[in-house]
C-alpha cells in the first residue's frame, strides 16, 4: 500500500477543511436522494479530519451513534491517457459509502484503516464535482470488534442499560472522517506496491509492477548511498541494497535512510517514483527474550488512545508533536496502538523518534458466543489490511491481533477459540514472517489462554490492586508475581501490555486511596518492581499515557482517568514516577 505523495510523477491534494454534515438518524438519506447533495436544511459545518461528537456537542450530537452525510466540493483534474485519478480516505469510522456527482463510486468498512477508490472514469470531464460521503459509526455484529445490535439486546443488556453510547469497549465511539482525504493522481503504468525487508546490514525489496520494466532503487544517508536495479518478471522485481558500514536503527539511535524506488521503461524514461524513510534493523524472539538487532529489549512505555478535546479521534498534529515530546521526557521507548491502528503520521513520528510500536488491529472484547466463519473472515481481512499498510514501518516490531478476547469468561472461548487463533495467527505469519505476533490477554481468560499456544509473546493486561484487591498493593504484587510464575511455563517472553490505576488530578491522601495521585504512582512503581525482577518478563506499558473520553457510565468520571497525564497533557504525580523509574532522573 503506497501512501499519497507528491513528486514529478505523482500528485496528492489534501481535501482537509470545512465540509458540511447532515445527520440521518432515521436513515432516509439515500431514499431521499441525499447522495445528489445533502441540501441546506438541518446541516452543520464540520472540520475534516475530525470527529463530529465534540465539534457538534452543542447541537446535540455528543453521543450520536448512527448515519451522517458529509459533503464538499472538489476540483477533479482531467484524466489523461497516462494517469489515474483516485480518492484515498485514510480512515472513516466505521463505514462509508461515497458518491461523486450522485454516482456511487464505492464503499468501505475498513475501520481505522485506509481505502482507495479509482475515479478515473468519473474524472474524465475534469472540473468541479460534488463529493458526498455517508458515514456510520454503528459497528456490525460480525466484525472483529462486534457491535451491539437490537438482535443481541438480551445478551448485551448491561452495555445497553448502563452505557451511553452503548459500547462493548472502554473508549468513546467517535464518528466521522477522522483522518485526511486525498485526491491522488498517479501514472497509469505505476509501482503497485513494495515490501522492504530489513536486517542490520541491508534491505531486500520486493516490488510489484508491470512486466517489461526495470526497477531502480536507491538507499542513501549517513554518508553512504547504494543503488540497485532489477527487471520485472511475472509482476515482481527483487533486489537487495546493502550500504557500506550500515548504521542500525534503534531507540538510542533512530538512524533513518532515504529509500527511493523508480519504475523505468525500455527507453530509460522514468514512469513512476515513490519514496519513504527507512531504518535498518531486525527483530526476533529467542527463548523468553525479545531481541532488537541481537540485543534483549526491555519495553517501557504506554498504551495510548487517539483522543483529544474537540478533535475526538480526528488527526491532531500539534498534539502528536506534544505526545512524542512527552514520551521522550518520560524515558519511554515503546507504545502499543491500543486498540486499533493509529494515523500514519503517528508511525512517521515513531520512526523518527525511535519509539518501538506494537501495532494492534481493531479487535476489542471478542465474544466467542457469537464468533463464526464470517467474523473470522472479517478479522483476517482486517489483519491483512493492517499489515499491507504498516509492513514497511521500521518502528513496528510486533503485530497484536486482538485485545482482551473472552473477557466475559464465556465457556465458548475455551471450546471455540483454539482453531480460531490457529487460523488467524497463521494468516498473520504468512503475510509477514519477519515480526512476532501476539494478542493482549485479559485475566478472565486465564494464564492458560488458548491463544498463548499460537503467540510468540505472552502479552497480558493485569489490574490486581484496582479491579481486584483494591488499595491492597501487597496482595496485588503477590498476585502479579504468581501470574508471572505460571506464565513462564509457556517458555516465551512475557509482556505486561496494561497495568494502571485511575487518578483524579489534584486528589490526594496520606494512605492508599483509590483515585488519588499518590496511589496511582505507588501502583505503577509496585508493578514495575515486579516486572523488572522476573527473568521472563520483557517489560510493561502503563495504562494509560493520558486520560481519555469513554462512554458515560457509573465507573467513569467523564473520562478513564488512568492517564499519567491529563487529557490536556498536564502531568500527574505518576508521570514524574515513571520518569524516575525509566531515566533515573
### Summary
Rounded to one decimal in nm, the spacing of the 7 Å Cα→Cβ label points at residue 352 and residue 227 is 2.9 nm
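Shape call for the chain from the C-alpha gyration tensor, a ≥ b ≥ c root eigenvalues: rounded (a/c under 1.5), prolate (a/b greater than b/c) or oblate? The partial results should precede the final answer.
Details: a/c = 1.73, a/b = 1.19, b/c = 1.46.
Note, shape of the chain comes out oblate.
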### Segments 353-362, 105-114 sorted - mean Cβ within 10 Å per residue, highest first
353-362, 105-114
## Note on the structure
Using alpha carbon centers only, the stretch 526-547 is separated from the stretch 24-91 by a whole-angstrom value of 43 Å
### Query
Given the chain, what percent of its DSSP beta bridges are antiparallel, to the nearest 5?
75 percent
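Please work out the ratio of the alpha-carbon Rg of the stretch 193-278 to 2.2 N^0.38 Å and round it to two decimals. List each step's numbers first, then the result.
Values: Rg = 13.3 Å, N = 86, 2.2 N^0.38 = 12.0 Å.
Normalised Rg, Cα atoms only: 1.11.
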### Task
Would you give the gap between the C-alpha center of the stretch 340-358 and the C-alpha center of the stretch 385-411, rounded to a whole Å?
15 Å
### Query
For residue 189 and residue 18, what is the calculated FRET efficiency with R₀ set at 45 Å and r taken between the beta-carbons, to the nearest 0.05?
0.75
## Note on the structure
Taking 459-472, 406-419 and ranking on average Cβ neighbours within 10 Å, highest first, one gets 459-472, 406-419
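Rounded to the nearest 500, what is the 222 nm mean residue ellipticity of the chain from helices alone, with -39500 (n - 2.57) per DSSP H run of 4+ residues and division by all residues?
On the way: 9 runs with 116 residues, N = 585.
Calculated from helices alone, the mean residue ellipticity at 222 nm is -6500 deg cm²/dmol.
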### Summary
The rounded separation in angstrom of the Cα centers of the stretch 259-325 and the stretch 97-132 is 28 Å
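Based on other C-beta atoms within 10 Å, arrange 265, 282, 547, 212 from fewest to most. Before the final figure, lay out the partial values.
Details: 265 14, 282 17, 547 27, 212 10.
Ordered from fewest to most neighbouring Cβ atoms within 10 Å, 265, 282, 547, 212 come out as 212, 265, 282, 547.
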#### Entry: Sorted by Cβ neighbour density within 10 Å, fewest at the top, the residues 387, 321
321, 387
## Note on the structure
Here the relative contact order (percent) of the stretch 193-278, from C-alpha pairs under 8 Å and at least 6 apart, is 28 percent
### Task
Based on the mean of other Cβ atoms within 10 Å per residue, sort peptides 90-97, 38-45 so the most packed one is first.
90-97, 38-45
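Coordinate-derived values only; no laboratory data. None of the values given here were measured: they were computed from a predicted structure. Here Cβ is always computed from backbone atoms with ideal geometry, including for glycine, and neighbour counts include all displayed protein chains.
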